[in-house]
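The values are calculated or read from the model by the stated rules, or taken from the named source; none is laboratory data. Predicted, not measured: the structure shown is a model, and the values here were computed from it. Quick reminder, even Gly has a Cβ in these numbers, built from the backbone with ideal geometry, and neighbours come from all protein chains shown.
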Amino acid sequence: MAKPKLAIYWAASCGGCDIAILDIEAKILEVADFFDLVFWPCAMDFKYDDVRKMQDKEITLTLFNGAIRSDENYEIAKLLREKSVVLCAFGSCASEGCIPGLANFTDKQTIMDYVYKTSPSLEPGNNVVPQTEVKVFEGTLHIPNLWNTVRTLPQVVDVDYIIPGCPPQSNQIAAVIDAVVDILKNGKPLPPKGTVLGASDKCCCDECKRKRDVKKIKKFIRPFEIVTDPEICLMEQGMVCLGPATRSGCGAKCVAAGVPCRGCYGLPSNIRDQGAKMASALASVIDSIDEAEVERILDTVADPLGTFYRFSLPASLLRRVQ
């Protein structure tokens, strides 16, 4: 019998999701043995035309990582949706927008002007702005057009499942792969559409082993400013930790190492907006009812928008600022 076909694609993201797949170590050999890898441009010399020539739904499973930030990202997202039986938003960039989505705090023209005209890293006089079409000796080069608004994969195509994380934890990837192989090999039913794989409905705090005693705080601090107590909740030590507004599944590894959760595993099922939930969580630990003092305490939160929406701005209620 023919092997089920697997595709992996990298849109607007850092590439960490592709590295995370390799981090499953020897299990990657099981993947190669069970699946026919038909598209993974990051790792092998595949072309878009290879996919265009396939029949619709010929690809069994596609792991799509990266946000949708250009017309190329959009075109390939639509193409892989047509050719795939199951399409997974793989990682935070695809499912929520993640770091590329922070571009929604401004606009395309401002970004382009800074990068190509006013950035201090530019050489004097080097203000060449990329064009979508460039004539060269061999013909015309077509460069993807950057969108003004970064979107998530589910905002542009129908997505079957979400595998969260920045990147997804390798043990969770391995567990998902085992589950998929079991389903395909033994004819088991697929999970309900929309299921978040490799995570749970609880929040990161439920996985965290640090103690909480509802300590009230007068000032928020950054991790480098103190030596943390290894047993006490980081929020109660004055650090902004997104554990209350983040889905569990990572094992609270960052928090266990003394680094506050930054929210990469996305929202628990009972939360609609990560920033709004964090505003509520911070309000619960501020030791004041005086409006002016509360304002002063909140002013000690470094970059609240970038912190609260670091991974989720395009998928949030805000979507974009302008």
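Only residues that are outside any loop (DSSP other than H, G, I, E, B) and of a type in the set (A, V, I, L, M, F, W, C) were counted in region 235-247, giving 3. Being touching a helix residue (DSSP H, G or I) at 6+ places or on another chain (Cβ under 7 Å) and not in a loop (DSSP other than H, G, I, E, B) is a condition met by at least one residue of region 248-259. All of (1) surrounded by 14 or more Cβ atoms within 10 Å (Cβ to Cβ); (2) part of a loop (DSSP other than H, G, I, E, B); (3) in contact with a helix residue (DSSP H, G or I) (Cβ under 6 Å, 6 or more places away or on another chain); (4) among the aliphatic types (A, V, I, L, M) hold for Ala199 with one exception: (3).
Residue count for region 271-317 under the criterion of being surrounded by 14 or more Cβ atoms within 10 Å (Cβ to Cβ) and either acidic (Asp, Glu) or assigned to a loop (DSSP other than H, G, I, E, B) (or both): the result is 11. Considering only residues that are β-branched (Val, Ile, Thr) and either without any contact (Cβ under 8 Å) to a residue 12 or more places away in the chain or part of a helix (DSSP H, G or I) (or both), look in region 89-123 and name the one that is nearest to Asp160 (Cα to Cα). Per the stated criteria, the residue is Ile99. Within region 145-157, residues that are within 10 Å of Ala94 (Cβ to Cβ) sit with their Cβ atoms under 8 Å from residues that are at pLDDT 95 or above and of a type in the set (Ser, Thr, Tyr), at 6+ positions apart or across chains, in these pairs: Thr152/Ser95; Leu153/Ser95; Pro154/Ser95.
Within region 221-238, restricting attention to residues that are under 24 Å from Asp273 (Cα atoms) and out of contact with any Asp or Glu (no Cβ under 9 Å at 6 or more places or on another chain), which residue is surrounded by the fewest Cβ atoms within 10 Å (Cβ to Cβ)? Outline the logic, then answer.
Taking region 221-238 first, the residues under 24 Å from Asp273 (Cα atoms) are 221-222, 233-236, 238.
If we keep only those that are out of contact with any Asp or Glu (no Cβ under 9 Å at 6 or more places or on another chain) too, we end up with 221-222, 234-235.
On the way: Ile221: 15, Arg222: 13, Leu234: 21, Met235: 26.
Of everything passing the filter in region 221-238, Arg222 is surrounded by the fewest Cβ atoms within 10 Å (Cβ to Cβ).
Could you check Val51 against (1) in a loop (DSSP other than H, G, I, E, B); (2) over 24 Å from the mean Cα position of the chain (by Cα) and say which number it fails? With respect to (1) in a loop (DSSP other than H, G, I, E, B); (2) over 24 Å from the mean Cα position of the chain (by Cα), Val51 is out only on (1).
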